[in-house]
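One structure is given here, and the rest of the page talks about it.
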Amino acid sequence: MQLTRFSDLSLRLLLYLASRDKPLETVVTVRAAAELFNVPYTHMVKVAYQLGLAGLVETAKGRGGGLRLGRRPESLRIGEIVRITEPKGGLIDCWTQPCPLREDCLLKSALDEAYEAFFRALDQYSLAQMAKTPSLQKLVQITG
């Protein structure tokens, strides 16, 4: 399974916010995050907006505005984040172009089982755990 670029950027942004000493208080601008991860500002704006709608970040406009975590990093599971940021559906679509095997397909069942196992594995990790990565901690120290 491959994550979308949107999920990738969402996870990076959330990890960056969670790595702060006071993640529920420290504000980071969208522009600073975009520059840090070397992605277009417009992409990061879309990510921040959607994460705000999901309640994962709080956003504030204007002078002194920016982003901060909307929930404690210990309460956010990586699987929950990926479920929010990935398109809904599953690994294969048996309905858009109807498949004659769809009513009794072992392949679809196996792929659905693997898909759920993927999320169960990600649910074992919190955002707080992932934010303790040494290289991320160094990056935060360097960028302030």
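The values are calculated or read from the model by the stated rules, or taken from the named source; none is laboratory data. Values in this document were obtained by computation on a predicted structure and should not be read as measured data. Heads up, the Cβs are rebuilt from the backbone with ideal geometry, glycines too, and the neighbour counts pull from every protein chain shown. For the accessible areas, the whole protein counts, side chains as well, though only heavy atoms, and no ligand, DNA or RNA atoms are used. Shrake-Rupley method; radii C 1.70, N 1.55, O 1.52, S 1.80 Å.
Hey, of (i) 52, 32, 19; (ii) 45, 31, 27; (iii) 57, 29, 24, which did the structure itself give for Cα extents along the principal axes in Å when calculated? Checked against the structure: label (iii). Distance from the Cα centroid of the range 89-144 to that of the range 34-76 is 21 Å (rounded to whole angstrom).
Each listed q (0.14, 0.17 Å⁻¹) maps to a log10 I(q)/I(0) for the range 1-80, found by the Debye formula over equal Cα scatterers with no solvent: -0.40, -0.60.
Taking K132 as the anchor, which aspartates and glutamates have their alpha carbon closer than 19 Å to its alpha carbon, excluding any fewer than eight residues away along the same chain? The reachable aspartates and glutamates, counting only those whose Cα sits under 19 Å from K132, are D8, D21, E25, E74, E80, D123.
In the range 1-91, which GluC sites (Glu not before Pro) are in a loop and have at most 10 other Cβ atoms within 10 Å, using DSSP for the loop call?
Numbers: sites: E25, E35, E58, E74, E80; in loops: E25.
Here the sparse-neighbourhood loop sites are E25.
Could you state the accessible area per residue of the chain in Å², with a 1.4 Å probe and every protein chain left in place?
Details: 9110 Å² over 144 residues.
Value for the chain: 63 Å² per residue.
For K88, a cut-off of 23 angstrom between C-alpha atoms picks up these lysines, skipping any fewer than 8 places away in its own chain: K46, K108.
Ligands, DNA and RNA left out, the accessible area of the range 36-115 computed with a 1.4 Å probe is 55% carbon and sulfur.
When the surface is traced with a 1.4 Å probe over the full set of protein chains, R83 keeps roughly 90 Å² accessible. With a simple spin-label model that places each label point 7 Å from the Cα along the Cα-to-Cβ direction, the separation between R120 and K132 comes to 2.5 nm. The relative contact order of the range 44-101 comes to 20 percent, based on Cα pairs under 8 Å that sit 6 or more residues apart.
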